[in-house]
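Novice: Take a look at the following structure, please.
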Amino acid sequence: KQEVTQIPAALSVPEGENLVLNCSFTDSAIYNLQWFRQDPGKGLTSLLLIQSSQREQTSGRLNASLDKSSGRSTLYIAASQPGDSATYLCAVAKNKLVFGAGTILRVKS
Amino acid sequence: DAGVIQSPRHEVTEMGQEVTLRCKPISGHNSLFWYRQTMMRGLELLIYFNNNVPIDDSGMPEDRFSAKMPNASFSTLKIQPSEPRDSAVYFCASSESDREETQYFGPGTRLLVL
């Protein structure tokens, strides 16, 4: 059974810092890995999707990497802003999406 | 496009009552997913439709839960009878073709069963 773990569970940083969120998964036989953002009381917004054959994807200040063999992914956020404050979830796709519990990020102004 | 639309946004009901949650996927998307989110269990897939056909309902917790997709633009998730432990946020999501593609989530229905 696929298990997805995200570390840290919560993170508070001052504005402008670069930060890394971590995701690990137990079964490396995946189709892709996706990073989502969830704002309080809202649905999930897809940020990045990395296919199993890819090593990384970038969108603006976000960069996600994937090391399928070791079962790890990282989401790098450059020059963090208060508007980045949200919960970030990673999910791995095989027969279905399996989600981690998320990292709650707070960027202080 | 308006995105995935869910209704109602909030539902408060009493134990034993029937609850029906509704979802309109993004036009042209062929796959639809129902998820449940709780503090204890996180986000869990309940059921997945492709081309209006249920493909995987292994996440449906018990017979009190049922889901239908009568056409490509509408789906319902029904709980009958509801119990307090069903209290959660229920999300609907859709994707263009299958479960491995980017999924677009609706705003969710926050359900409270008293």
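The values are calculated or read from the model by the stated rules, or taken from the named source; none is laboratory data. Since the structure is predicted, the reported quantities are computational estimates derived from the model, not experimental observations. Every residue, glycine among them, receives a Cβ derived from its backbone with ideal geometry; neighbour counts consider all protein chains shown. Ligands, DNA and RNA are stripped out before the accessible areas are found, and what is left, the full protein with its side chains, is counted by its heavy atoms. Shrake-Rupley method; radii C 1.70, N 1.55, O 1.52, S 1.80 Å.
Novice: Residue B:66 - would you say it is open to solvent by less than 10 Å² (accessible area, probe 1.4 Å), away from chain A (no Cβ under 12 Å) and modelled with pLDDT of 95 or more? Even if it seems obvious, please write down each step before you answer.
Specialist: On the way: open to solvent by less than 10 Å² (accessible area, probe 1.4 Å): no; away from chain A (no Cβ under 12 Å): yes; modelled with pLDDT of 95 or more: yes.
The answer is no for residue B:66.
Novice: Of the conditions (1) within 29 Å of residue A:1 (Cβ to Cβ); (2) in a loop (DSSP other than H, G, I, E, B); (3) touching a helix residue (DSSP H, G or I) at 6+ places or on another chain (Cβ under 9 Å), residue B:36 satisfies every one except a single condition; which number is it?
Specialist: Of everything listed in (1) within 29 Å of residue A:1 (Cβ to Cβ); (2) in a loop (DSSP other than H, G, I, E, B); (3) touching a helix residue (DSSP H, G or I) at 6+ places or on another chain (Cβ under 9 Å), residue B:36 misses just condition (2).
Novice: If I go through the stretch B:1-33 residue by residue, how many of them are in a strand (DSSP E or B), facing chain A (nearest Cβ under 10 Å) and either at positive phi or among the hydrophobic types (A, V, I, L, M, F, W, C) (or both)?
Specialist: Residues that pass the stated criteria total 1.
Novice: List the pairs whose first member sits in the stretch B:13-28 and is open to solvent by 60 Å² or more (accessible area, probe 1.4 Å), whose second member is assigned to a loop (DSSP other than H, G, I, E, B), and whose Cβ atoms are under 6 Å apart, counting only residues at least 6 apart or on separate chains?
Specialist: Correct list of pairs: B:14/B:114; B:15/B:83; B:17/B:82; B:18/B:80; B:24/B:73.
Novice: Considering the stretch B:40-63 alone, what residues qualify as being at the interface with another protein chain (Cβ under 10 Å from one of its Cβ atoms) and at positive phi?
Specialist: B:42 - this is the single residue of the stretch B:40-63 that is at the interface with another protein chain (Cβ under 10 Å from one of its Cβ atoms) and at positive phi.
Novice: Then there is this: (1) in contact (Cβ under 8 Å) with a residue 24 or more places away in the chain; (2) surrounded by fewer than 16 Cβ atoms within 10 Å (Cβ to Cβ): which one isn't true of residue A:48, the others all being true?
Specialist: (2)
Novice: Being β-branched (Val, Ile, Thr), touching a residue at least 12 places away in the same chain (Cβ under 8 Å) and touching an Asp or Glu at 6+ places or on another chain (Cβ under 6 Å): is that true of residue A:107 here?
Specialist: It is true that residue A:107 is β-branched (Val, Ile, Thr), touching a residue at least 12 places away in the same chain (Cβ under 8 Å) and touching an Asp or Glu at 6+ places or on another chain (Cβ under 6 Å).
Novice: Can you name the number of the only condition in (1) open to solvent by 30 Å² or more (accessible area, probe 1.4 Å); (2) more than 12 Å from chain A (Cβ to nearest Cβ) that residue B:37 fails?
Specialist: (2)
Novice: Taking the options A:6, A:34, name whichever one is outside any loop (DSSP other than H, G, I, E, B), open to solvent by less than 50 Å² (accessible area, probe 1.4 Å) and facing chain B (nearest Cβ under 9 Å). Steps first, please.
Specialist: Working: A:6 fails: facing chain B (nearest Cβ under 9 Å).
Only one candidate qualifies: A:34.
Novice: Same structure, new question: Step by step: first the residues of the stretch A:95-109, then only those that are more than 8 Å from chain B (Cβ to nearest Cβ) and more than 14 Å from the chain's Cα centre (by Cα), then the one that is surrounded by the fewest Cβ atoms within 10 Å (Cβ to Cβ). Which residue is that?
Specialist: Among them, the one singled out is A:109.
Novice: Checking residue A:82 against (1) open to solvent by 30 Å² or more (accessible area, probe 1.4 Å); (2) modelled with pLDDT under 95; (3) not hydrophobic (A, V, I, L, M, F, W, C), only one condition comes out false. Which one?
Specialist: So the condition that residue A:82 fails would be (2).
Novice: Of all residues in the stretch A:10-29, how many are modelled with pLDDT under 95 and surrounded by fewer than 12 Cβ atoms within 10 Å (Cβ to Cβ)?
Specialist: The number of residues fulfilling the criteria is 1.
Residue-by-condition table, conditions (1) within 11 Å of chain B (Cβ to nearest Cβ); (2) assigned to a strand (DSSP E or B); (3) not small (Gly, Ala, Ser):
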residue	(1), (2), (3)
A:16	no, no, no
A:23	no, yes, yes
A:29	no, no, no
A:41	yes, no, no
A:63	no, yes, yes
A:70	no, no, no
A:73	no, yes, no
